[in-house]
1. Can you tell me which condition B:Ala81 does not meet? The list is (1) within 27 Å of A:Ala243 (Cβ to Cβ); (2) over 12 Å from the mean Cα position of the chain (by Cα); (3) assigned to a loop (DSSP other than H, G, I, E, B); (4) facing chain A (nearest Cβ under 8 Å), and all the others hold.
2. Residues being in a helix (DSSP H, G or I) and among the small types (Gly, Ala, Ser): count how many of those fall in segment A:215-229.
3. I'm trying to understand the selection: among the residues of segment A:713-770, which are within 19 Å of A:Gln370 (Cα to Cα), of a type in the set (Lys, Arg) and not in a helix (DSSP H, G or I)?
4. Could you tell me which of the residues A:Ile40, A:Ile26, A:Ile61 is in contact with a strand residue (DSSP E or B) (Cβ under 7 Å, 6 or more places away or on another chain), within 13 Å of chain B (Cβ to nearest Cβ), surrounded by fewer than 22 Cβ atoms within 10 Å (Cβ to Cβ) and over 16 Å from A:Ser251 (Cα atoms)?
5. Which one is surrounded by the fewest Cβ atoms within 10 Å (Cβ to Cβ) among residues in segment B:1-33 that are within 12 Å of another protein chain (Cβ to nearest Cβ) and part of a strand (DSSP E or B)?
6. Only one of A:Ala463, A:Ala418, A:Ala484 is of a type in the set (A, V, I, L, M, F, W, C), surrounded by fewer than 24 Cβ atoms within 10 Å (Cβ to Cβ) and out of contact with any Lys or Arg (no Cβ under 9 Å at 6 or more places or on another chain). Can you tell me which?
7. Quick one: which of A:Thr582, A:Thr577 is closer than 11 Å to A:Val515 by Cβ and not acidic (Asp, Glu)?
8. Working carefully through the options A:Gly500, A:Gly528, find the one that is modelled with pLDDT of 95 or more and buried (at least 24 other Cβ atoms within 10 Å of the Cβ).
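The values are calculated or read from the model by the stated rules, or taken from the named source; none is laboratory data. Note that the structure is predicted; figures quoted are calculated from it, not measured. Note: ideal-geometry Cβ built from the backbone for every residue, glycine included; neighbour counts use all protein chains shown.
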Amino acid sequence: MTLTDLITRAGHGRIGDSAPRPDGMIKAQGTFAFSSDLPIAGAVWGATLRSPHPYARIVSIDTSRALAIPGVSAVLTADDVPGQPTYGLITADQPVFARDHVRYVGEPVAAVAADHPETCRRALDAIDVTYEVLTPLLDPEAAIAGTAEAIHPDGNILRHQVIRCGDVDATGDVVVEGTYEIGMQDQAFLGLEAAVAIPDDDGQGVELHIATQWLHEDRKQIAACLGLPPERVRLVLAGVGGAFGAREDISLQVHTCLLALRVGRPVRVCYSRAESFLGHVHRHPAKIWMRHHATRDGRIVNLEARFVFDGGAYASTSAAVLLNAITQAQGPYKCPNAYVEGWAVRTNHLPCGAMRGFGVVQACFAHESQMDKLAAACGLDPVEIRLRNAMETGDRLITGQVVESVAPVARCIRETAALPMPATPVGVAPDAPGRVDPLRLPGGAGLTADTGHVRRGVGYGAAIKNLMYSEGFDDYSTARCILADGVATLKFATAEVGQGFVTIAQQIARTVLGVEVVTLDTIDTQIGSAGSTSASRQTWMSGGAVDAACRAVRERLFEHVAERHGIDPLRLAIDGTDVVDTMGDLRIPVAEASAGVRFDETVEFHHRPTEALDENGQGNCHTAFAFVAHRAVVDVDPELGLVKVVQVATAQDVGRALNPLSVLGQIEGGIAQGLGLAVMEEIIQIDGRIRNASFTDYLLPTFLDMPDVVATLVEEPDPQAPLGAKGVGEPPCISVTPAIVAAIRDALRQHDGVGKPLERIPVRPSDIAL
Amino acid sequence: MNETYHLHVNGTRYEVADAWLGESLLYVLRERLGLYAAKGACEQGECGSCSVLVDGELVCSCLVLAASAVDVPITTVEGLAEPGSPTDVQRAFVDAGAVQCGFCTPGLVMAAHALLERNPNPTETQIREELSGNLCRCTGYGRLVAAVQQVAVERGRRSS
């Protein structure tokens with residue numbers, strides 16, 4: 001049975017039901033306010049001046065012409081930052097405004113406030129900046145070799161980490177090797193960066209309405225740069241139009257607050273699409289060399305690998321992204337010996353950081369390409385080679401960490417392989433049988449492909465993905481639950497970015513407390529941190545916090561009922577919407593039992609501690625893991641280099657599906673992003689300049705590019721997870737990319753008996769046809 | 001150059017006073033008339049988030065100068081239905097799981113209504129082709145296709 005068959009009803013909106021989103025209808029009716037949709041009386045517009053050079057020294061900045069334009073109320077530069085001049089998620093190495101040097105095209109240099117966006121544009125044009133243009137560092141290998149001058153006082157190496165595991169010299173009868181390249185991907189959320197900052201009357205504080213992934217971390221960084229105590233900086237989550245990692249770092253937050261404090265009026269900033277490409281971090285472009293040693297029957301003996309991640313101009317989360325990549329270099333497979341070296345380096349490219357999959361996407365393309373080479377070298381099929389090496393619970397990572405998570409890798413692979421193949425031949429839609437529709441052919445509306453030339457290929461991929469934060473970071477979450485008169489109210493600072501935590505939170509409260517009505521308080525910094533909406537962590541962490549807060553309230557409710565009826569509270573339980581005595585006849589509706597009382601509990605939920613890696617890359621650095629497998633069926637026109645992904649099948653280890661419809665949404669959405677990376681999405685930089693900062697030139701999958709998705713869930717509740725549920729956001733976008741590329745390789749092999757290695761993604765038509 | 005002109009939006013005549021004539025219809029709808037349902041996400045007609053009807057035609061309002069849309073009826077998502085009384089398309093979007101972050105949703109609601117007006121019984125490929133001017137980054141489009149199919153079936157059932 002596929003997932004689509006499982007989604008039948010919203011039920012009572014409890015755990016396991018496909019409850020509808022509480023914000024769904026206001027989004028469909030257009031009344032949900034995103035961070036770009038917040039008009040406020042007296043507000044002026046803000047805008048940002050950005051560097052046109054990848055690397056240059058700022059000789060002088062003259063703002064006088066801009067300030068003289070009627071309607072312009074402020075022009076700010078580095079001189080106007082009252083607090084810490086830099087910010088950053090791990091290391092504060094990125095200037096609020098460039099002072100001495102600009103280090104990438106798009107680096108903020110100044111900001112203006114004015115009465116109209118058009119006035120802002122003219123003011124930006126009127127700021128005179130004199131640059132001494134310098135030779136940019138664009139080659140990561142030059143950064144590693146130390147042949148390039150340091151382009152930042154912190155140096156050019158963001159992280160260097162080695163992992164030594166077992167016998168690093170172990171060899172196998174079969175050796176396969178490859179060098180894989182991954183292009184720079186953009187998160188391309190639709191809701192552009194936007195914010196409103198409202199200064200306090202005394203000018204000593206500010207309220208920021210912002211689309212972000214982590215309110216409290218933003219507040220910490222903003223307050224430091226503003227030179228204000230954190231309690232004078234209040235953040236409110238405005239509607240978030242997607243995130244995918246791109247809202248984890250600071251973009252317009254500090255600028256907007258600085259402008260508001262300077263002009264003493266509310267300030268709105270809304271990025272354009274072109275500016276958005278410059279304004280947030282991207283998925284790291286990477287070069288990964290791997291050599292696998294295996295026995296003749298295909299069992300991995302040793303893994304040698306070298307990872308080079310181009311972090312761009314500033315540190316962001318490069319160190320953590322690299323850690324994820326190298327510590328999961330083995331993929332979801334047993335691997336007794338390994339030597340892995342990882343580098344994340346600084347260049348004058350666009351800064352890179354978090355994007356869905358966070359380092360594992362790059363590693364997975366390499367290890368899965370290798371598994372197919374290994375399969376070919378051993379005469380095994382792609383499914384068999386993966387099954388032979390499939391990791392199980394209790395196996396060790398190359399870091400020495402024992403995988404304690406439920407690890408149903410073999411089951412994911414088997415169930416993926418067992419899902420139905422496309423029912424119709426090349427170019428034929430399932431609901432219009434017997435007729436070739438050109439729109440279903442590679443190249444689609446271009447009407448160029450000919451069915452006679454098209455080959456259909458099949459490819460597989462499998463992945464491991466760590467959940468939550470790593471290396472000793474205590475990424476807790478906080479939730480408050482109030483029960484009064486049969487209504488539960490939840491308060492948390494968890495960023496709802498579209499993933500549906502607001503739905504899950506209500507489902508948890510309904511299940512634990514037996515209530516029907518669950519109201520959600522404003523998501524803001526007026527409660528403790530929820531940590532970031534990233535690393536597939538919020539269902540586990542904030543779900544755990546909401547669950548714990550609701551349980552604490554339920555205990556109070558049971559004590560209250562028990563006292564009134566003279567029984568032991570331990571005998572009480574929730575059954576549907578009633579409190580029941582499990583050893584007697586008592587049954588009272590929760591609404592009645594909580595009438596006239598108010599229980600109010602706040603709980604912090606922490607996951608188990610993790611630790612840093614030692615100098616040999618050994619240590620229990622991760623919290624938990626999820627697994628997934630994908631199969632792609634792809635039609636390829638080998639002569640034209642055109643690709644049509646026909647179907648993607650997947651079995652995903654979810655622990656327990658709290659909302660199957662929501663899980664399916666994550667699966668289909670993740671597959672779309674993985675497909676984009678496989679065949680179309682790449683930020684092109686030439687000489688340090690982005691060449692495709694628009695949706696005309698940066699290609700995103702459309703309705704017509706998306707294949708049929710056939711999904712099934714592997715539900716083996718994880719005992720470590722508070723609700724048995726693993727994070728489901730990232731795995732869908734990880735192994736689908738190598739599966740699609742493997743399917744293209746398969747089609748090309750059928751075409752000429754040889755095929756092509758296709759070791760770089762995205763695969764371009766020229767890679768196929770030439 | 002600033003001027004005053006009038007727009008007919010969702011059955012109401014609005015005066016746009018002393019406005020720069022370079023403003024797009026999207027900007028004027030949002031920032032001058034306070035109708036924020038249409039969204040801006042690409043400024044070049046690639047993503048469809050700003051889709052509205054101008055004289056019955058589905059257009060990207062970011063590509064239309066507001067001052068050129070005078071004397072014709074304009075319909076935005078706000079004009080489709082009152083809050084709390086959703087259209088069948090809006091209801092299906094929510095029920096089918098077609099809404100995640102929701103930024104593309106108003107534009108897709110407009111496009112889906114326009115599609116079903118033109119073609120009450122579209123095939124899956126027709127749905128994909130006709131809506132391919134609207135980008136969604138969250139859903140992978142599967143639930144959106146399901147929602148449109150659901151409306152087509154429901155309307156067919158009602159009319160037969």
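1. (1)
2. Residues in segment A:215-229 being in a helix (DSSP H, G or I) and among the small types (Gly, Ala, Ser): 2 in total.
3. Correct list: A:Lys756, A:Arg760.
4. Of the residues listed, the single one that is in contact with a strand residue (DSSP E or B) (Cβ under 7 Å, 6 or more places away or on another chain), within 13 Å of chain B (Cβ to nearest Cβ), surrounded by fewer than 22 Cβ atoms within 10 Å (Cβ to Cβ) and over 16 Å from A:Ser251 (Cα atoms) is A:Ile40.
5. Step one: filter segment B:1-33 for residues within 12 Å of another protein chain (Cβ to nearest Cβ), giving B:1-2, B:10, B:18-24, B:26-27, B:29-33.
Still in the list and also part of a strand (DSSP E or B): B:2, B:18-20, B:24.
Values: B:Asn2: 10, B:Asp18: 8, B:Ala19: 20, B:Trp20: 16, B:Ser24: 21.
Checked segment B:1-33; the qualifying residue surrounded by the fewest Cβ atoms within 10 Å (Cβ to Cβ) is B:Asp18.
6. A:Ala418
7. A:Thr577
8. A:Gly500
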